[in-house]
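Report on the structure given below.
What follows is calculated from the coordinates using simple rules that are stated; it is not laboratory data. The structure displayed is predicted, hence computed values, not measured ones. Quick reminder, even Gly has a Cβ in these numbers, built from the backbone with ideal geometry, and neighbours come from all protein chains shown.
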Amino acid sequence: MNIQCPNCETIFDLQKNHKINSKYKCSVCNHIWLEKKDKPNQINSAEKANLKTIFIINTVFLFLVILITIIFRDHLENIDSNWKALYRFFDMLIPVQ
Ligand SMILES: [Zn+2]
């Protein structure tokens with residue numbers, strides 16, 4: 001990771017062991033500053049947006065599958081007896097008065 005001195009704009013190469021909010025002293029101009037990292041928050045919001053997109057895609061896909069199984073019921077029942085059993089099971093769940 002690289003950090004830059006805000007005073008003289010010298011770029012330093014840091015090792016991996018550093019904390020999120022660390023105090024640094026520039027070896028060139030002796031300027032002392034507190035380095036704040038904003039990047040983790042940006043990554044988190046990007047990951048949240050990705051999760052939201054995945055959730056929406058999954059929900060839409062699930063509704064599509066349900067819709068297709070309802071629309072093509074007659075066709076699917078003729079393909080396989082397992083489909084017939086599956087539809088019979090779901091029919092059992094619907095209370096008939
Ligand atoms: Zn400096």
Completion exercise
A correct fewest-to-most ranking of Arg88, Arg73 by other Cβ atoms within 10 Å would be Arg88, Arg73
Practice task
Please report how many Lys pairs in the chain have alpha carbons closer than 29 angstrom, counting only residues at least 8 apart along the chain or sitting on separate chains.
Solution key: 21
Exercise for the section: Measure nothing but the geometry: give the 0 to 90° angle between the long axis through the Cα atoms of 39-71 and the longest principal axis through the Cα atoms of the chain, rounded to 10°. Expected result: 10 degrees
Completion exercise
Answer in debye to the nearest 20: the dipole magnitude of the chain about its Cα centre, from +1 Lys/Arg and -1 Asp/Glu charges placed on Cβ, is 560 debye
Practice task
Taking the chain as the reference, fit the longest principal axis to its C-alpha atoms, fit the long axis of helix 81-93 to the helix C-alpha atoms, and give the angle between the two in degrees, 0 to 90, nearest 10.
Solution key: 90 degrees
Handout entry: Ascending count of other beta-carbon atoms within 10 Å, so fewest first, for Leu62, Leu93
Key = Leu93, Leu62
Exercise for the section: Determine Rg/Rh for the chain; Rg is computed over alpha-carbon atoms and Rh is the Kirkwood hydrodynamic estimate from the same atoms. Expected result: 1.52
